[in-house]
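Worksheet for the structure shown next.
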Amino acid sequence: MCGIVGYIGKRDTQTVLIEGLKKLEYRGYDSAGIAVFTPEGLQIAKSIGRLANLESKLENTPLVGSAGIGHTRWATHGKPSDVNSHPHTDHSQKFSVVHNGIVENYLELKEELIRQGYEFVSETDTEVISHLVAREYEGDIVKAVQKAISYMRGAFALGVLTEYEPNKLVAVRQASPLIIGLGEGENFIGSDIPAILNYTRNIYILNDGEMAVLTEDAVELMTIEGNFISREMISVDWDTVTAEKGGFDHFMLKEIHEQPKAYRDTMRGRISENGGKVVFPDLKLTEEKIRSLSSIHIVACGTAYNAGLVGGAAIEQLVRIPVMNDVASEYRYRSPLITPDTLVIVVSQSGETADTLAALREAHANGAHVLAITNVVGSSIARDADDVIATLAGPEIAVASTKAYTSQLIAFYLLGLYMAQVRGTQSEEEIAHVIAAMQSLPEQVESMLEKADAVKAYAEQIAGHEHLFFIGRGLDFSVVQEGSLKLKEISYIHSEAYAAGELKHGTLALIEEGIPVIALVTQDNVLEKTVSNIKEVKARGADVMAITHEEHVADLLKSVDQALSIPKTLPMLTPALSVVPLQLLAYYAALARGNDVDKPRNLAKSVTVE
Ligand code: F6R
């Protein structure tokens, strides 16, 4: 995830910026840069790769000055490269901007600016901001920034400097976090607390729609419309490690809580302003190609494979094209039947998984158009694929994938809706209806996270068991496969996810007195059937927990031992909600067993061997 740090004061600015960026390295990044006011004017240094690359660039030509902004970039618009890294500037080189987030309407703005004679050097949405600020500047940087952002839609945290007013640093927050650090004769900005913790513990937290104007001696807070506001200063007592985890005990828990934001970010810029359509401005997959598709293969590993199960079902339902899901390590060795009308979708959080990369190459060798759904825009898979849909979940640090999985679901839903639009397989009303339901998902996840204690209590109950079962039908079966994988990998409890109707064909033999069975019961069309399967395990002594909608709790409690409820959405979208208690279950069970939640045994975050 991109990181921002900014400084105005008497210290060596370059050191403050580089040290601040180092504290944000844990979040992951692919390039970095700083801009500093020097006696020669605003000077910028940036570099792809690790911060060490930037430091070695600065070794012989340090940027000495009194104010500056720095950035670590996690590519979203445009590949990782020196030129795409921040800070960005305008053609006069008098303005400099660092930005976290996404400018949804950057293409429109870019076209307008190009028509007005502005020249672009990067592929980023951020460069639009530096040109806009330059265009609007009439002697007051605060007004210029306010004017510029009035044209922008989306999420942005900004740090802005101009050579014309070297005693000011302007910061903006709109749906992307930003804090102000307060010092004596110096002030700071940061996208995260660790960035400034070495220098101050006194902070203001900006809210959405607010901005700050920093000088060495003062910080003025105002709304983006220019109305002055006051804010209580907060004194942070976190150590660096707690600060990195945003106050959560583990990265996994932090990432579970980041899901509402990841949903919003993955949808951002991909839904038309009136909410009626999905738009994919950068997709190379033409409408003609979409119309000609006769089959889709979805290929991935682990959690990404599980996301593909849900995604494939959604695409089949929305687009009525046959979808085949495959584990990447199997796909490449089984001579898959790929025709010119096959679309191969590879799914990978890291974009570096060797099996998935090999499957992608196999698909390419057979002439398929390959579309990657990945969280890392500069990854090998993103580079090799013909098309990329980025999941904008931000870097995932915990080995157990959570927000990447759910963002992959969102990407699949969007893709399915887009294809349905092109092929005319769903009415405009139906598409708008699904989009509206998707837009409610983030709040629904937030409401579930508030009730995490009930899951925690159940996790503590099952933590002493060595075996358990998950059951479900339809999409519930796909989701319990993810729930089971999550539980196994971090709690080390052996679990099996079973299609509820399949148990009686053998596995029922393993159901004995007291064994926990977690039944996901959210799909109304198979609800009664699942209840029959629950009765089968109950009759053999299983202890059953049902996860279902509120309206079914009372009825289900006649057949199960306990029940948890989740909010209601469309059946197709339910996996984006129902997986959340399963993620929390795995987390709290691992915690209860004293395991290293973020770094489970035998596993690595990125599996680059076959
Ligand atoms: C489980 C998990 C793994 C990954 C798998 C694929 O929590 O993280 O199962 O999903 O190794 O990794 P990516 O998505 O990076 O290709």
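If the condition is being in a helix (DSSP H, G or I), farther than 20 Å from residue 281 by Cα and among the hydrophobic types (A, V, I, L, M, F, W, C), then the range 120-169 contributes 132, 133, 134, 141, 142, 144, 145, 148, 149. For the range 41-109, the strands (runs of 3 or more DSSP E) that sit wholly inside it and include 2 or more residues that are β-branched (Val, Ile, Thr), open to solvent by less than 40 Å² (accessible area, probe 1.4 Å) and more than 16 Å from residue 128 (Cβ to Cβ) are 67-73. When residue 378 is tested against the conditions (1) modelled with pLDDT under 95; (2) open to solvent by 20 Å² or more (accessible area, probe 1.4 Å); (3) more than 13 Å from the ligand (Cβ to nearest atom), the lone failure is (2). With respect to the conditions (1) crowded, with 21+ Cβ neighbours inside 10 Å; (2) away from the ligand (no atom under 14 Å from the Cβ); (3) not aliphatic (A, V, I, L, M), residue 294 falls short on a single one, namely (1).
So which residues in the range 361-379 are among the small types (Gly, Ala, Ser) and outside any helix (DSSP H, G or I), if there are any at all?
Residues satisfying the conditions are 367, 368, 372, 378, 379.
For the range 389-410, the candidate set comprises residues that are more than 12 Å from the ligand (Cβ to nearest atom) and modelled with pLDDT under 95; within that set, the residue that is most open to solvent (accessible area, probe 1.4 Å) is 392.
Pairing residues of the range 286-306 that are within 14 Å of residue 357 (Cα to Cα) and touching a residue at least 12 places away in the same chain (Cβ under 8 Å) with residues that are within 13 Å of the ligand (Cβ to nearest atom) and charged (D, E, K, R), at Cβ distances under 6 Å and at least 6 apart in sequence or on separate chains, gives 301/355. Pairs are defined by a Cβ separation below 7 Å, a sequence spacing of at least 6 or placement on different chains, a first member in the range 353-368 that is under 10 Å from residue 332 (Cβ atoms), and a second member that is at pLDDT below 90 and of a type in the set (Asp, Glu); the pairs so defined are 355/610; 358/610.
Considering the range 206-261, the residues that are small (Gly, Ala, Ser) and either surrounded by 13 or more Cβ atoms within 10 Å (Cβ to Cβ) or in a loop (DSSP other than H, G, I, E, B) (or both) include one that is farthest from the chain's Cα centre (by Cα), namely 218. Go through the range 541-554 and count every residue that is open to solvent by 10 Å² or more (accessible area, probe 1.4 Å) and in contact (Cβ under 8 Å) with a residue 24 or more places away in the chain. Final tally of qualifying residues: 3.
If you go through the range 462-476 and keep only what is touching a residue at least 40 places away in the same chain (Cβ under 8 Å) and either open to solvent by 10 Å² or more (accessible area, probe 1.4 Å) or within 12 Å of the ligand (Cβ to nearest atom) (or both), you end up with 463, 465, 467, 473, 474, 475. All of (1) more than 16 Å from the ligand (Cβ to nearest atom); (2) within 19 Å of residue 386 (Cα to Cα); (3) of a type in the set (Val, Ile, Thr); (4) not in a loop (DSSP other than H, G, I, E, B) hold for residue 339 with one exception: (4).
With respect to the conditions (1) free of Cβ contacts under 8 Å to residues at least 60 places away in the same chain; (2) part of a loop (DSSP other than H, G, I, E, B); (3) not hydroxyl-bearing (Ser, Thr, Tyr), residue 172 falls short on a single one, namely (2). In the range 178-191, the qualifying residues are those that are over 16 Å from residue 237 (Cβ atoms) and of a type outside the set (A, V, I, L, M), and the one that is most open to solvent (accessible area, probe 1.4 Å) is 184. Only one of the numbered conditions (1) modelled with pLDDT under 95; (2) within 30 Å of residue 84 (Cα to Cα); (3) within 16 Å of the ligand (Cβ to nearest atom) is violated by residue 371, and that is (1).
Out of the residues in the range 268-291 meeting the condition of being in a helix (DSSP H, G or I) and not basic (Lys, Arg), tell me which one is surrounded by the fewest Cβ atoms within 10 Å (Cβ to Cβ).
288
Okay, residues lined up against (1) within 12 Å of the ligand (Cβ to nearest atom); (2) among the basic types (Lys, Arg); (3) buried (at least 21 other Cβ atoms within 10 Å of the Cβ):
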| residue | (1), (2), (3) |
| --- | --- |
| 308 | yes, no, yes |
| 318 | no, no, yes |
| 324 | no, no, no |
| 334 | no, yes, no |
| 352 | yes, no, no |
| 362 | no, no, yes |
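Within the set 169, 107, 132, 178, the sole residue that is assigned by TED's automatic domain parsing to the domain that holds residue 222 and within 18 Å of residue 66 (Cβ to Cβ) turns out to be 169. Applying the set (1) touching a Lys or Arg at 6+ places or on another chain (Cβ under 6 Å); (2) not assigned by TED's automatic domain parsing to the domain that holds residue 183 to residue 194 leaves exactly one unmet item: (2). Each residue in the range 491-504 was checked for being outside any helix (DSSP H, G or I) and either open to solvent by less than 10 Å² (accessible area, probe 1.4 Å) or of a type outside the set (Ser, Thr, Tyr) (or both), and 6 of them qualify.
Of 529, 538, 488, which residue is assigned to a helix (DSSP H, G or I), within 27 Å of residue 407 (Cα to Cα) and open to solvent by 40 Å² or more (accessible area, probe 1.4 Å)? Full working, then the answer.
On the way: 529 fails: within 27 Å of residue 407 (Cα to Cα); 538 fails: within 27 Å of residue 407 (Cα to Cα).
On inspection, the qualifying residue turns out to be 488.
Test residue 580 against the criterion of being closer than 24 Å to residue 315 by Cα, within 16 Å of the ligand (Cβ to nearest atom) and modelled with pLDDT of 95 or more, and give yes or no. Spelling it out, residue 580 is indeed closer than 24 Å to residue 315 by Cα, within 16 Å of the ligand (Cβ to nearest atom) and modelled with pLDDT of 95 or more.
For the range 11-29, state whether one or more residues are closer than 30 Å to residue 403 by Cα and in a strand (DSSP E or B). No - not one qualifying residue is present in the range 11-29.
The values are calculated or read from the model by the stated rules, or taken from the named source; none is laboratory data. This is a predicted model, so every value here is computed, not measured. All Cβ positions, even for glycine, are placed from backbone atoms using ideal geometry, and neighbour counts span all protein chains on display. For the accessible areas, the whole protein counts, side chains as well, though only heavy atoms, and no ligand, DNA or RNA atoms are used. Shrake-Rupley method; radii C 1.70, N 1.55, O 1.52, S 1.80 Å.
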